[in-house]
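Colleague: The structure that follows is given in the form of structure tokens.
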Amino acid sequence: LFELRFQEDLMPPLHGLPLLLVAAVACHGAIASTIKGSESDVLLSRPVRPPGAKFYSPKDLLNCDGSNFSSIWPTFRTAVAQYARSGYPRSPALYQQAAEIVKVQHESLMPSSLKFPAILVRQMPVSRLGGFCLFGFATALFVLYRHDLNVERILTIEQSLGWVEWPLDFSESSDWPTLWRHISLHLEEYQRRGDTSWSEEVDFWGQDDELLPRPNVREVEAAILAWLRSVGTAAPQQWLSEFQGQAKDASTSVALARRLGNRKDLRILVLGHHLGSSMEPFSMVQAALRVGASVHIHASFYGQRHPKPGLACKEFGYCDENPALTSWFLKWESRWLGVYDWMPDKWDDCLSSLSSIVGSSGFVAKADLVVCGGPGWFCVMLRTLWAVPMLLYFAWPITPLIPPSFKTHIFSQVRALGQTSDPPTVFVVANWVLAAQFALQVRMQVPVQRPHGIYVNQTYAPVPTPCGKPRVMVTRIGQWARVSGVALLEQTWGMFEQAKKEGRPLPFELVFLSIRIRGADTNKAVTYPDFAKFHACIFWPWDVMMLMFNELYTMGMPLLLPHRRWMVHLVTHSLTHTEVNWWHLRGSVAGGLPDPSGVPFPLPFQPWVEPGEGVRPVAFWYELTDFMQFPHLTYFESLPDMLERVRTLDVPSIRRGMQSFNQATFRESIAFYRRAALELLR
């Protein structure tokens, strides 16, 4: 794919997918940057198609219909459809039909498999397939495997559909069976057992989603707490036990107001490497302290170099700086892949350097309490040097990037810090994966609080295109889809063009964020007010938690996400075949303190996924994410379904439901943070 020769009668050469934003295109296709309106700038996204570029219907391409394909394919597809609905029972007639297809077409498989990606990204004409249907041939192989259990057939499907190279194969957007839904467990069980006995035992084929675990949050929480009791470490800090035993927030608010008393000022130092994971706990503590007292909060943000230095000042007005700490982070917290290979030999040097900064830069004078947003090793190192009340907010695992030989050191420090009470420490995690990791790795009960993103301080106020169409943003696809994201763009844009040609144009505009292709290119940064102007958001997750999701949810922005089974496939591909994304679940975060009790962990899977473990643990942990647990979300199963779901979105009803959920969960969270603040200020 990277060596394609571009043809002038097709699309112009690709320019990759760097982290830029889309250019805007006016209603009739004229290239523009952001469209200036009387009220606001309107960001749009529509590609430029050069004169003479040939169009081929995405539906016909994926279904193998139209002038470039033989009639054998729609005939076979129709026969398979009924067969699939019945659970793929053995059928001698269909077996013979599939066998004939494989016999006649097998020599075209690999050449066409290599051409298909180029056709998906519109760098090669459909005619180059020579009438070969990749999805049809793969389906024929699956039919044969159903009858003869020759494992070479499903291994060939995996290879020819590019499941190793690409997270997307687009079969879900066709009328052919979505084979990655049907074959994944057969492949995994074959690799695990070394034979096809699992396939022999399955009666109803094709519905593997029903075979995947769907845990319940309350049951998971109860199992973890019961296990912690059994290993003798369940007792949480006293303040947390008291909080969990209280009915509501009123008594805590009164006690907190009394504790603040006549205090005029409260100094909070917010430290960390990522602005989002620092702003979230700080903004909740700040809101929790609004209990009628007249205290003025003075906040300083140090570190915070991700996602971009200076955002705390630019976006929120916190412009105090500490150049020494900034340089310290650049030296010691300077990577996002691999491991901190300096830690085993230079931990003491790092500690000494931080000690000099703390001792000489007025830290102590700036803080009545500290909010530490991570990384975890930095927070425990800081607390080793400075006895100060501290809220530790974990939006990341305990030991990402920590060398395996040094993990026990970090785990021991975290556990020791969790047992201190003077000065107080409060631990909070942002999701259930992290809560399970804390339980297993350091045997601590740590409360989970959903991120709210109230610091965004924006209200949903959609602004349409100059043509009056609602604008729907699509989150970054290059981050997780890589080059297959180009195919996603082209196929989606093709579906818009197809709908227009059929006289049923789609009544909305998609705005793809962070792309540069086919004239769609802009350097304009998107701000929170910009986000609030979209009608809805198509959200493609690429980690267990993403603060942007919570920020948009709090705004009341309607959110559409891929169906659970699709996401399990994408997550599994990322963990198996790439080194990036889904950081919370990667095997590199594994480890923990020795457990002398010998009592096994109560959940069916450890809270990370090792290579080769497959879709079941991914399905278990994905079910516990906000992407599945939050109500009033809209899920789509394919690209055509995505467009149809946007078209039929009931925005008023969705927003009412989101508002109700936001209010209920905010009441719960603010009660927690008030009790935490009461503990920190004692």
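The values are calculated or read from the model by the stated rules, or taken from the named source; none is laboratory data. Please read all numbers here as calculations on a predicted model, not as lab measurements. Cβ: placed from backbone, ideal geometry, glycine included. Neighbour counts: every protein chain shown. What goes into the accessible areas is simple: the full protein's heavy atoms, side chains included, and nothing from ligands, DNA or RNA. Shrake-Rupley method; radii C 1.70, N 1.55, O 1.52, S 1.80 Å.
Colleague: Over the alpha carbons of region 146-234, what is the largest minus smallest coordinate on each principal axis, giving the biggest first in Å?
Modeller: 52, 30, 26
Colleague: Tell me which chymotrypsin sites (Phe, Trp or Tyr not before Pro) from region 332-392 have a DSSP coil assignment and no more than 11 other beta carbons within 10 Å of their own. All intermediate terms of the calculation are to be shown ahead of the outcome.
Modeller: Numbers: sites: 332, 336, 340, 342, 347, 363, 377, 378, 386; in loops: 336, 340, 342, 363, 386.
Passing both the DSSP loop test and the Cβ count: 336.
Colleague: Would you mind working out the accessible area per residue for the chain, using a 1.4 Å probe, and quoting it in Å²? Numbers along the way, then the final one.
Modeller: Details: 27850 Å² over 682 residues.
In whole numbers, the chain has 41 Å² accessible per residue.
Colleague: How large, in percent, is the carbon and sulfur part of the accessible surface of the chain at a probe radius of 1.4 Å? Numbers along the way, then the final one.
Modeller: Details: 14390 of 27850 Å².
Whole-percent figure for carbon plus sulfur exposure: 52.
Colleague: P(r) for region 351-507: what percent of alpha-carbon pairs falls in each 10 Å bin, starting at zero?
Modeller: It works out to 8, 25, 22, 16, 14, 10, 3, 0, in whole percents.
Colleague: Can I ask one more? Can you compute the helix-only [θ] at 222 nm over the chain? Use -39500 (n - 2.57) per DSSP H run of at least 4 residues, normalise by all residues, nearest 500 deg cm²/dmol. Can you show the working numbers first?
Modeller: Details: 27 runs with 306 residues, N = 682.
So the calculated ellipticity at 222 nm is -13500 deg cm²/dmol.
Colleague: Right, here's the next one. Measuring from label point to label point, each 7 Å out along Cα→Cβ, what is the residue 578 to residue 422 span in nm?
Modeller: Taking the two extended label points, one gets 5.1 nm.
Colleague: Please name which of 381, 139, 369 has its Cα lying farthest along the dipole of the chain towards the positive end, using unit charges on Cβ (Lys, Arg +1; Asp, Glu -1) and the Cα centre as origin.
Modeller: Of the options given, the answer is 369.
Colleague: How high is the relative contact order of region 430-588? Use alpha-carbon pairs under 8 Å, at least six apart in sequence, and give a whole percent.
Modeller: On the way: 190 pairs, mean separation 45.7, N = 159.
Rounded, it is 29 percent for region 430-588.
Colleague: If amide hydrogens are placed 1.01 Å from N in the peptide plane, which non-local residues have theirs closer than 5 Å to the one on residue 444?
Modeller: Long-range HN contacts for residue 444: 439.
Colleague: With a 1.4 Å probe and all protein chains kept in place, how much accessible area does residue 251 have, in Å² rounded to the nearest 10?
Modeller: My reading of the accessible area for residue 251 is about 70 Å².
Colleague: Counting residues in region 56-195 as N, plug N into 2.2 N^0.38 Å and put the Cα Rg over that result. Numbers along the way, then the final one.
Modeller: On the way: Rg = 14.4 Å, N = 140, 2.2 N^0.38 = 14.4 Å.
Ratio of Cα Rg to 2.2 N^0.38 Å: 1.00.
Colleague: Pull up the DSSP beta bridges for region 411-566 and report the antiparallel fraction as a percent, rounded to 5. List each step's numbers first, then the result.
Modeller: Numbers: 1 of 11 bridges.
Of those bridges, close to 10 percent are antiparallel.
Colleague: Ranked from the most accessible area to the least, with a 1.4 Å probe and all protein chains present, what is the order of 78, 233, 554, 492?
Modeller: On the way: 78 95, 233 30, 554 50, 492 0 Å².
In descending accessible area the options line up as 78, 554, 233, 492.
Colleague: Looking at region 573-682, which GluC sites (Glu not before Pro) are DSSP coil and have at most 11 other C-beta atoms within 10 Å of their C-beta? It would help to have the intermediate numbers written out before the result.
Modeller: Numbers: sites: 579, 613, 623, 637, 644, 668, 679; in loops: 579, 613, 637.
Passing both the DSSP loop test and the Cβ count: 579.
Colleague: Let me ask something additional. Considering every pair of different Cα atoms, what Kirkwood radius, in Å, is found for region 252-300?
Modeller: 11.6 Å
Colleague: Also, quick follow-up: With all distinct Cα pairs included, what does the Kirkwood hydrodynamic radius of region 559-630 come out to in Å, to one decimal, could you say? Each step should come with its number before you reach the end.
Modeller: Numbers: mean 1/r = 0.0747 Å⁻¹.
Final number for the Kirkwood radius of region 559-630 is 13.4 Å.
Colleague: Fully extended, how many nm does the chain gain between residue 647 and residue 326 (0.36 nm per residue separation, minus their Cα-Cα distance)?
Modeller: Values: separation 321, 0.36 × 321 = 115.56 nm, distance 4.69 nm.
Gain in length upon complete extension: 110.9 nm.
Colleague: Please compute P(r) over all alpha-carbon pairs of the chain, binned at 10 Å starting from zero, and give each bin as a whole-number percent.
Modeller: With a bin width of 10 Å, the distribution comes to 3, 14, 22, 24, 19, 12, 5, 1, 0.
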